[in-house]
Structure formats: C-alpha cells, structure tokens
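One structure below.
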Amino acid sequence: MNIRTFILTGLLLLAPLHVQAKCYGDQARANTPLVFTPVPQFPVPTLFARWAPLLEAVGKSTNQCFDLVIKGSIPEFEKYLLKGTPALAYVNPYHAVMAHKAKGYQPILADGSTMLTGILVTRNESDIKQLSDLEGQRVDFPAPNSFAASLLIRAHLAQMKINIKPNYVKTHSNVYRGILIGDAAAGGGVNKTLETEPNEIRQKLRVIYESPGYRSHPVIASAKLSSATKEQILKGFVALSKTEAGRELLTGVHLNEPIAVTYQKDYQSLDKLKLEKLVVLDD
C-alpha cells in the first residue's frame, strides 16, 4: 500500500460515528451503568478498540459497569461534557479546567510517566524550518480547544505575532495525514499521539516546535460520584499497571502509569495561562 492510499484509508475513518455500548464490566450492574466518554483524539473505531477492553477490565475488577459513549468530534464531545452528562470522562488538561468550572468535575487519575507537550510538525521535505516560516500559511489542528495540540501552540504563535490560517480537522490522526497529503504547511499535535502513529506516517514528519510540558490528560469524575466510587475506580486503573496485560491496555489510551491527581495540584495552574480568549464553543 503506497503512502497516499494509506493516508486516504485513514481519512475514511473521519465519519462522525457515535459508539455506545451499555455495559463494560460487571453485568450485574447493567441497570446502573456509569457513562464514560473519552475525548476523540483518534477516529472512533480506534478509540472503541482501545477503550472497550480497558473499561471491561476495570469494570470487572471494581464491580462497576461502564456505558462507553464516543462522540464523533471534539466540539460535539465538549457540548456533551459541559452539560454534565457523563459520570466519567478522559479529557485534555484544559477540558479539565472547563469541566471543573462548569459542573464541578474533579480529576482523579492521569499518566505519571511523562508530561504532555504540544508539537508543531511538517513534512520532512518541507521548506518550513522555523516558526516564522508559517506566516500566512494554513496550519491544521484537531479542534480549537485541543489543549496542547491547539490552544498552547496558537497562543505561542500569537505571542510571536505570527499570523496563520488555522484549520480544524477533528482528530490528531487527520492532522498528521493532511500534512503528508499536502493540504497544510504544518499541524499541531502532541508527543503522545505522534508516537502511536504507524512508522509510515511518523517517519515522514518533522517536529519544528515543542511546548513546555504539563500534566497529561486526566480521567475526571462527576461531582455526583461518591468519594468511595472515585477511589475504587482509581485503584482499578492502578491495579492494571501491575500486570503485563493491563499495562498493554493502559498504553493504548496513554495512561501508561496511572497516578492519583487533583484539580488544585495538577490543573488549576492552567487557568493562569489565560487561554479562554482562544477557546471556541459551538452554540
């Protein structure tokens, strides 16, 4: 399969699908499932393949039942989250701030193995050598409110007075493929999503900027969940990291080393970045 066919095949996964499965985990709790929704960084089928077996394992070990709901785009996910519907969500760091302010969501766990950085990438053979070369160019991002892949990078470019033509393509995977096809001069992503791309994609891209590091995407919990339930779920994720099979499941969703986190210690400082002027929320 040549690279263009490979990329276009990946783009077919763009369709705005919704995936809903009513009970992963303890079937005895099927009448009282906890809705879990992950931010759609990747195409829906990819997210489903990664999260369904993980939630099945956590659900069985904690005697919980998870209703997995995957939205087809980040803006659609944001609407759903900010209504306060899901009991649990896997979100980007600034989503954690937004959800905390809107509905009192609390971060309970995140990956402790590495910090999250935003990156700007271009094609290996591109003439783009430095950020100033992006003046007036189209730059792709997953969504306006993707934290490291969009907000941080756009804020940095604005600070440097570099004017770009931002374009939003729904997922990190689409950003990387759009650059290779030649649709965009560069694109925003994060270190963790680029690392999980196939070699055919990753080896043809070059990083031209990397942001400072921040605590990575957390799993956040509704204020309606009891402290006991939150602690139980945290322990369920941590327990998976003790087995080879569990670590494989966690790596698939970028939670390689789950640790306990709090809003005050790990995410409240993001509010000081004043990113709200760049946030875009659909009506």
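Annotations
- Being surrounded by 14 or more Cβ atoms within 10 Å (Cβ to Cβ), of a type outside the set (D, E, K, R), modelled with pLDDT of 95 or more and not assigned by TED's automatic domain parsing to the domain that holds ASN199 holds for only one residue in GLY25, GLY10, and it is GLY25.
- Residue check for GLU76: in a helix (DSSP H, G or I) and surrounded by fewer than 18 Cβ atoms within 10 Å (Cβ to Cβ): yes
- Among the residues of the stretch 239-283, those identified as surrounded by fewer than 16 Cβ atoms within 10 Å (Cβ to Cβ) and of a type in the set (S, T, N, Q) are THR243, THR262, GLN264, GLN268, SER269.
- Matching residues, the stretch 216-241, being over 15 Å from VAL253 (Cα atoms) and not in a helix (DSSP H, G or I): ALA221, SER222, ALA223, LYS224, LEU225, SER226
- Residues in the stretch 104-119 that are crowded, with 17+ Cβ neighbours inside 10 Å and either among the charged types (D, E, K, R) or over 24 Å from ASN256 (Cβ atoms) (or both): ASP111 only.
- Residue selection: ASP271 satisfies the criterion of being over 11 Å from ALA110 (Cα atoms), acidic (Asp, Glu) and in contact (Cβ under 8 Å) with a residue 60 or more places away in the chain.
- Flag for ILE179 being among the β-branched types (Val, Ile, Thr) and not assigned by TED's automatic domain parsing to the domain that holds ALA99: yes
The values are calculated or read from the model by the stated rules, or taken from the named source; none is laboratory data. These numbers come from a predicted model, not from an experiment. Cβ atoms come from the backbone with ideal geometry, glycine included; neighbour counts cover every protein chain shown.
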